[in-house]
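The values are calculated or read from the model by the stated rules, or taken from the named source; none is laboratory data. Please read these numbers as outputs of a predicted model, since none were measured by experiment. Here the Cβ positions follow ideal geometry from the backbone for every residue, glycine too, while neighbour counts run over all protein chains shown. Side chains included, ligands, DNA and RNA excluded: accessible areas come from the protein's heavy atoms. Shrake-Rupley method; radii C 1.70, N 1.55, O 1.52, S 1.80 Å.
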Amino acid sequence: MDHPIQTDYLRWIVLLPLLGAAANGLLGATLQKKIGKWAISLFACAPVLISFLLSLKALLDLLALKPEERFLIDRLYPWLSLGSLHVDVAFWIDPLSTVMILVVTGIGGLIHVYSTGYMHEDKSYWRYFAFLNLFTFAMLLLVTGDNLLLMFVGWEGVGLCSYALIGFWYHDHVNTRAGNKAFIVNRVGDFGFVLGIFLIFWSLDQQGHGTVVFREIEKFASLMKGQEIWGVGVVTLATLFLFIGATGKSAQIPLHVWLPDAMQGPTPVSALIHAATMVTAGVYMVSRLHFLYSAAPETLMVVAVVGMATALFSATIALAQNDIKRVLAYSTVSQLGYMFLAAGVAAYGAAIFHLMTHAFFKACLFLGSGSVIHAMGGEQDMRKMGGLRHAMPYTFWTFAIAVLAIAGTPLTAGFFSKDEILWQAFSSPHSSPLLWVLGVTGAGLTAFYMFRQFFLVFFGECRADSHTRAHLHESPKAMVMPLVLLAIGSIAAGWIGLPSIFGGSRFAEWLEPVFGAHHEAHGPAALEEILMVVSVGVAALGFYLAYLMYYKSRLAPERFSSLAGGLLYRLFYNKYYIDEIYQFFFVGGTLLLARIGAWIDRYIIDFIVDGSAKTTAFISWFNGLFDNHVVDWLVNKIADTTFEAGDKFRKVQTGNINGYLYVILGAVLLAMIVKLRYWS
Amino acid sequence: MVVGLTHYLVVGAILFTLGLYSVLTRRNAISILMGVELILNGANINYVAFSHFSSGNVEGQIYAVFVIMLAAAEAAIGLAIVLAIFQIFHTIDVAAAETLKE
Amino acid sequence: MEFATVIFYLIAAVTIGSAAMVAFSRNIIYSAFSLLGTFAGVAAIYVFLGADFVAAVQVLIYVGGILVLILFAVMLTHRIADVQITNRAVGRIPALVVVGVFLSLLVQIIRETPWQKAKEIVYAPTTSRIGDLFLENYLLPFELASLVLLAALIGAAVLSRKELKE
């Protein structure tokens with residue numbers, strides 16, 4: 001570990017997208033005008049695809065090493081060296097970051113290709129790709145940086161690009177507002193993240209090993225034990241702060257509000273940034289620092305509870321949404337909740353596995369929805385769609401596969417990864433059966449809302465107006481090809497992480513050097529099988545309900561939405577009024593405070609002031625008599641004298657700077673002479 | 001004779017006095033600013049000389065750098081003011097710009 | 001006399017000579033150009049004192065920045081024809097007297113004070129140590145300095161705009 005292998009090509013994985021961003025950002029406008037959009041596409045897609053190939057090379061290089069030595073590093077240059085803080089710009093690759101770079105460059109590359117089709121009509125084509133490449137660079141920096149500071153640079157970089165791309169169509173005020181919201185909510189989380197970094201560095205520095213490099217933190221992590229601050233263990237506090245950062249970036253309760261609004265951006269952006277990569281940064285960070293989280297059981301519990309709560313909570317919201325992208329957005333929040341649930345029961349491998357499979361099928365779903373929106377001429381309301389399966393066969397089939405995957409149909413990727421999480425939630429030492437029950441409920445909800453969307457969009461009668469219906473078309477090749485590849489991935493990606501009863505997970509084995517030996521399930525294999533059947537059964541129930549309601553129309557959705565007086569439905573439909581609550585408490589609270597201040601000012605302070613003024617006035621009137629006769633005479637006398645003196649002294653204030661200077665200099669000279677002659 | 005601390009201090013003192021003379025006698029705002037620069041340079045020589053001969057560490061030089069930084073700020077602002085005065089009064093004789101006293 | 005001593009006296013002579021030109025010249029253009037000699041001479045003195053970083057800064061900021069600024073100001077505010085009359089000096093005699101007394105007192109103090117002596121005089125590159133100090137002990141002044149510079153930047157830009165409102 002101390003003498004890792006210097007591998008020079010790693011830097012190009014990260015820097016190539018930056019070069020692409022620079023080329024498009026600086027020359028893009030000219031290129032687009034002079035040469036055409038194909039040049040922009042080339043500069044945008046080629047670096048990401050080359051990065052992907054290099055990532056594959058890194059994977060092969062790692063495979064050639066022994067499992068415990070799978071570790072490559074590329075030190076670029078020393079960045080900071082201040083006091084005990086030494087930070088290099090260095091990229092490292094271990095099994096965990098390999099998974100991440102493959103996801104980022106692989107799926108990112110596909111989405112780049114897709115975007116060339118989706119954004120083709122846009123005037124700001126080059127600006128879009130400059131930001132998309134910059135995003136890829138920042139995300140790669142985040143996952144390959146070998147220390148917390150470099151990770152933070154990437155962390156902020158992806159936030160910036162996310163902001164820029166959400167507000168990409170900035171002519172519409174709604175979009176810029178959504179961008180601002182994402183940026184500001186993320187700031188809250190980033191504040192926690194920074195505090196976490198400070199705390200870790202401070203605590204290790206106390207022990208004489210101040211560092212922010214992951215390997216060294218891991219080596220010295222045991223030193224942090226026993227240190228306390230405000231009566232709380234430093235490890236617990238630091239991990240909680242970092243987790244606040246994760247809730248911001250990964251849209252967990254209570255900082256989840258920005259992600260649904262982020263759907264204002266172009267759909268490929270939603271797929272890449274707000275589904276497949278950036279929002280998983282929090283999960284990655286928790287997994288990267290798993291040694292700290294495992295040492296802080298309280299934090300783990302918080303992570304698991306927040307994850308579970310988010311998963312259920314946003315699944316219920318997704319039931320009632322009508323915007324095709326909002327359903328997917330809440331679904332993303334929900335799936336991220338599952339990942340945190342896994343991390344919270346110390347099953348980091350399962351979290352990363354779900355992260356990867358989710359990246360495939362959620363990207364596929366978003367790109368599919370983008371394809372639908374493209375065909376519908378920008379319409380996003382599912383109530384106006386329907387029957388699209390004939391018009392867009394490729395989109396239909398790939399969407400179908402992705403829906404099956406996210407619903408957890410056996411043999412798809414989503415099944416294996418979600419099942420792994422649920423099994424860990426049941427059997428790991430940090431878990432409880434309650435988490436499993438809630439998790440299975442969430443899985444049922446997922447199946448329901450996804451099939452609801454599926455049936456609403458692709459089956460039944462087309463509810464669009466005749467103009468839109470006439471223009472329905474399958475999307476161009478550049479958009480269909482990524483869809484097909486992602487759909488294949490949505491199935492095949494799961495097979496590398498088979499559960500133990502089907503022969504054991506290659507994926508868990510691959511991550512073992514990072515997360516330590518996989519704590520093998522305590523429960524007997526039979527129990528695992530039973531639980532699996534139950535969760536599939538619940539998902540099937542969700543599917544069946546959606547089938548009855550939205551395909552056969554035998555069951556009116558109103559029968560459910562009117563349950564409890566329609567209260568629940570309204571709650572779901574309005575997203576639990578969270579936005580309104582935040583508006584009320586944080587924005588309104590500030591205003592209320594100002595009003596209270598104003599009220600106190602007007603009635604209490606003013607009363608005191610008025611009262612004292614009146615009292616004073618009375619005393620003054622009394623005084624006045626005395627003043628007029630005794631004091632005035634005295635005052636006039638003094639004033640006259642002063643005026644005369646002033647008139648004489650005025651001539652000293654000539655406004656002549658030289659005169660002043662002479663006075664100063666004279667005084668200094670005097671002081672010097674006194675000091676020299678009479679003092680020493 | 002070895003060049004020692006006092007030599008540098010005397011050079012600094014002479015620069016300082018020449019600057020002072022400039023400031024005292026000139027009527028031209030820019031010339032006054034030049035005098036101020038001489039004064040600052042004289043003081044800076046002292047800082048660096050003490051840092052070299054007396055303390056043996058670089059803290060004196062830090063102060064010198066701060067002085068240079070402030071001199072740059074002062075020159076920028078001072079000359080901007082001079083230009084502004086020139087635009088209003090069409091002269092930069094400081095005696096002409098004494099209207100504030102009335 | 002040693003070679004180094006000769007060089008020192010030469011540099012001191014150039015510095016003081018051109019400073020005297022600045023102070024006494026009747027022509028402001030001459031004054032401004034003599035300032036170059038002073039600044040360069042002071043930079044050379046810094047080199048003599050082993051202060052490489054300060055010397056570099058002196059050259060960059062004084063010669064490269066302030067001097068150019070001053071020349072610009074001179075050019076912008078004078079018609080070249082009447083440079084002679086605009087640099088008038090007043091009250092030369094009293095100023096000379098005061099300044100002379102001042103200098104003699106200073107020199108006396110310099111000679112009489114028992115200055116503290118460093119244990120050893122080192123000639124080593126100072127840049128990295130100065131950089132470290134700036135970011136450690138002097139971090140706050142350093143940040144304040146950047147604020148001051150920013151304020152000066154904005155102030156200068158605002159002051160020297162053409163459309164000065166009355």
Of the criteria (1) in a helix (DSSP H, G or I); (2) out of contact with any Cys (no Cβ under 9 Å at 6 or more places or on another chain), which one residue A:20 fails: (2)
Which numbered condition residue A:94 misses (of (1) of a type outside the set (Phe, Trp, Tyr); (2) under 23 Å from residue A:165 (Cβ atoms); (3) within 25 Å of the chain's Cα centre (by Cα)): (2)
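Each row is one residue, and each column tells you yes or no for (1) at negative phi; (2) outside the structural domain of residue A:441 (by TED's automatic domain parsing); (3) at pLDDT 80 or above.
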position	(1), (2), (3)
A:489	yes, no, yes
A:504	no, no, no
A:508	yes, no, no
A:519	yes, no, no
A:523	yes, no, no
A:531	yes, no, yes
A:543	yes, no, yes
A:558	yes, no, no
A:566	no, no, no
Those residues of the range A:171-208 which are buried (at least 19 other Cβ atoms within 10 Å of the Cβ) and hydroxyl-bearing (Ser, Thr, Tyr) amount to A:203
Which of the residues spanning the range A:371-387 are over 22 Å from residue A:270 (Cα atoms) and buried (at least 18 other Cβ atoms within 10 Å of the Cβ)? A:386
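Quick one: in the range A:24-49, of everything that is of a type in the set (Gly, Ala, Ser) and without any contact (Cβ under 8 Å) to a residue 60 or more places away in the chain, which residue is surrounded by the fewest Cβ atoms within 10 Å (Cβ to Cβ)?
A:36
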Could we say that residue A:252 is surrounded by fewer than 22 Cβ atoms within 10 Å (Cβ to Cβ) and either polar (S, T, N, Q) or touching a Cys at 6+ places or on another chain (Cβ under 9 Å) (or both) here? no
Can you find even one residue in the range A:238-250 that is over 18 Å from the mean Cα position of the chain (by Cα) and either outside the structural domain of residue A:295 (by TED's automatic domain parsing) or at pLDDT 90 or above (or both)? yes
Within the range A:460-479, identify whether any single residue is within 18 Å of residue A:542 (Cβ to Cβ), in a helix (DSSP H, G or I) and among the β-branched types (Val, Ile, Thr), and answer yes or no. no
(1) modelled with pLDDT of 75 or more; (2) facing another protein chain (nearest Cβ under 10 Å): which one isn't true of residue A:670, the others all being true? (2)
For the structure I just gave you, tell me whether residue A:168 is buried (at least 16 other Cβ atoms within 10 Å of the Cβ), closer than 30 Å to residue A:321 by Cβ and hydrophobic (A, V, I, L, M, F, W, C). yes
Report yes if residue A:436 is in contact with a Pro (Cβ under 8 Å, 6 or more places away or on another chain) and within 30 Å of residue A:300 (Cβ to Cβ), otherwise no. no
Could you say which residue among A:67, A:78 is surrounded by fewer than 17 Cβ atoms within 10 Å (Cβ to Cβ), farther than 18 Å from residue A:140 by Cα and touching a strand residue (DSSP E or B) at 6+ places or on another chain (Cβ under 7 Å)? A:78
Going through A:611, A:646 one at a time, which residue ends up being modelled with pLDDT under 85 and open to solvent by less than 60 Å² (accessible area, probe 1.4 Å)? A:646
Of (1) within 14 Å of chain A (Cβ to nearest Cβ); (2) at pLDDT below 90, residue B:52 satisfies every one except (1)
What are the residues in the range A:225-256 that are in contact (Cβ under 8 Å) with a residue 60 or more places away in the chain and aliphatic (A, V, I, L, M), if any? A:235, A:240, A:246, A:251, A:253, A:255
Please pick out the residue among A:429, A:433 that is without any contact (Cβ under 8 Å) to a residue 40 or more places away in the chain, open to solvent by 10 Å² or more (accessible area, probe 1.4 Å) and not hydrophobic (A, V, I, L, M, F, W, C). A:433
Taking the condition of being free of Cβ contacts under 8 Å to residues at least 40 places away in the same chain and surrounded by 20 or more Cβ atoms within 10 Å (Cβ to Cβ), how many residues in the range C:1-29 meet it? 6
Residues located in the range C:38-59, provided they are open to solvent by 20 Å² or more (accessible area, probe 1.4 Å) and not β-branched (Val, Ile, Thr): C:40, C:44, C:48, C:52, C:53, C:56
